[in-house]
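As structure tokens, the structure follows; a few thoughts come after it.
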Amino acid sequence: MRRIAKDLSLESAEEMLAETIALFHDVGRFPQYAEYKTFRDSISVNHATLGTEVLSREGVLETLPKNEQRIILQAIKFHNAYAVPDIRDNDMLLFLKLIRDADKLDIWRVFIEYLALPEKERASAVGLGLPDVPEYSENVLSCVLSKEVASLSNLKTLNDFILMQLSWVYDLNFRTSFILLEERNYINKLISTLPSTEAIGKLSPFLGEYVREHIQAAPSHHDL
């Protein structure tokens, strides 16, 4: 979050607000896992909504100006939404897009580290309890090749989850996010864990071209 905010040349107060959102965006994961023993919202509770409830109940933000409280809570509430909701407030939209990008970059890192572990050492909650089998769903792969973000509701295997994460490149908002994605080689690291089929083989050049185009075309300044 700091890297993206810095490259957007935000004011120091805006950078601090962005960092606060990053710090608290997943606070709902703690009570979610404590009660349900899963990170899968569809079979437990929406962790983003739960996070806003925790912050409000505990008074964590009460010393901040009301407008900053509102931005933090709204950004957290919608950080995990399938798509950015129709928001007319440009400040709100900026911080929501910031946390959505930073969150994806962090999930990619966490998941790649998870896949590198021996299966018996993996925390099952990270993989959402999906079976680690060789199969993947054609409709999830089709989303990636159609430049669409895949839906969590369509996932049947761990490979589907990886494909869905690859489709997230179509939901990035800032040039720095694409730069970090390429610098860290997340796309190829994820693809290397998938079955070696002809269709999967198309993903690396296909997604790589998309990322490079957005690095060259996307503005680096604050422009929504």
In segment 126-152, which residues are in a loop (DSSP other than H, G, I, E, B), of a type in the set (A, V, I, L, M, F, W, C) and under 16 Å from the mean Cα position of the chain (by Cα)? Val126, Leu128, Val149, Ala150
Of the numbered conditions (1) part of a helix (DSSP H, G or I); (2) more than 16 Å from the chain's Cα centre (by Cα), Ser177 fails exactly one; give the number of that condition. (2)
Are there any pairs, at least 6 apart or on different chains, whose C-beta atoms fall under 8 Å, with the first in segment 53-71 and without any contact (Cβ under 8 Å) to a residue 24 or more places away in the chain and the second loosely packed, with under 15 Cβ neighbours inside 10 Å, and if so, which? Gln69/Glu62
Could you run through segment 179-193 and say how many residues are crowded, with 16+ Cβ neighbours inside 10 Å and in contact with a Ser or Thr (Cβ under 7 Å, 6 or more places away or on another chain)? 2
Exactly one condition in (1) closer than 27 Å to Ser9 by Cβ; (2) surrounded by 18 or more Cβ atoms within 10 Å (Cβ to Cβ) is not met by Arg109; state its number. (2)
Is it the case that Asp171 is in contact with a His (Cβ under 7 Å, 6 or more places away or on another chain), touching a residue at least 24 places away in the same chain (Cβ under 8 Å) and either on the phi < 0 side of the Ramachandran plot or exposed (fewer than 14 other Cβ atoms within 10 Å of the Cβ) (or both)? no
Give Asp86, Asp91, Asp132, Asp101 a once-over and let me know the one that is under 19 Å from Tyr170 (Cα atoms) and in contact (Cβ under 8 Å) with a residue 12 or more places away in the chain. Asp101
Give segment 68-90 a look and list any residue that's surrounded by fewer than 16 Cβ atoms within 10 Å (Cβ to Cβ) and part of a helix (DSSP H, G or I), or say none. Arg70, Asn90
Which of the residues that make up segment 181-198 are under 21 Å from Phe161 (Cβ atoms) and in contact (Cβ under 8 Å) with a residue 12 or more places away in the chain? Leu181, Arg184, Tyr186, Ile187, Asn188, Lys189, Leu190, Ile191, Thr193, Leu194, Pro195
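The rows are residues; the columns are (1) among the small types (Gly, Ala, Ser); (2) on the phi < 0 side of the Ramachandran plot; (3) buried (at least 16 other Cβ atoms within 10 Å of the Cβ); (4) at pLDDT 95 or above.
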position	(1), (2), (3), (4)
Ser124	yes, yes, no, no
Leu130	no, yes, yes, no
Leu155	no, yes, yes, no
Leu163	no, yes, yes, yes
Ser177	yes, yes, yes, yes
Ser204	yes, yes, no, yes
Checklist (1) surrounded by fewer than 20 Cβ atoms within 10 Å (Cβ to Cβ); (2) within 19 Å of Ser196 (Cβ to Cβ); (3) without any contact (Cβ under 8 Å) to a residue 60 or more places away in the chain; (4) not aromatic (Phe, Trp, Tyr) applied to Asn159, failing item: (1)
Top-ranked residue of segment 17-51 - restricted to ones that are more than 27 Å from Arg88 (Cα to Cα), among the hydrophobic types (A, V, I, L, M, F, W, C) and exposed (fewer than 15 other Cβ atoms within 10 Å of the Cβ), ranked as modelled with the lowest pLDDT: Ile43
Does segment 52-67 contain any residue that is part of a helix (DSSP H, G or I), surrounded by fewer than 15 Cβ atoms within 10 Å (Cβ to Cβ), in contact with an Asp or Glu (Cβ under 9 Å, 6 or more places away or on another chain) and of a type outside the set (Gly, Ala, Ser)? yes
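The values are calculated or read from the model by the stated rules, or taken from the named source; none is laboratory data. Please read these numbers as outputs of a predicted model, since none were measured by experiment. Counting neighbours? That spans all protein chains shown, and the Cβs are built from the backbone with ideal geometry, glycine included.
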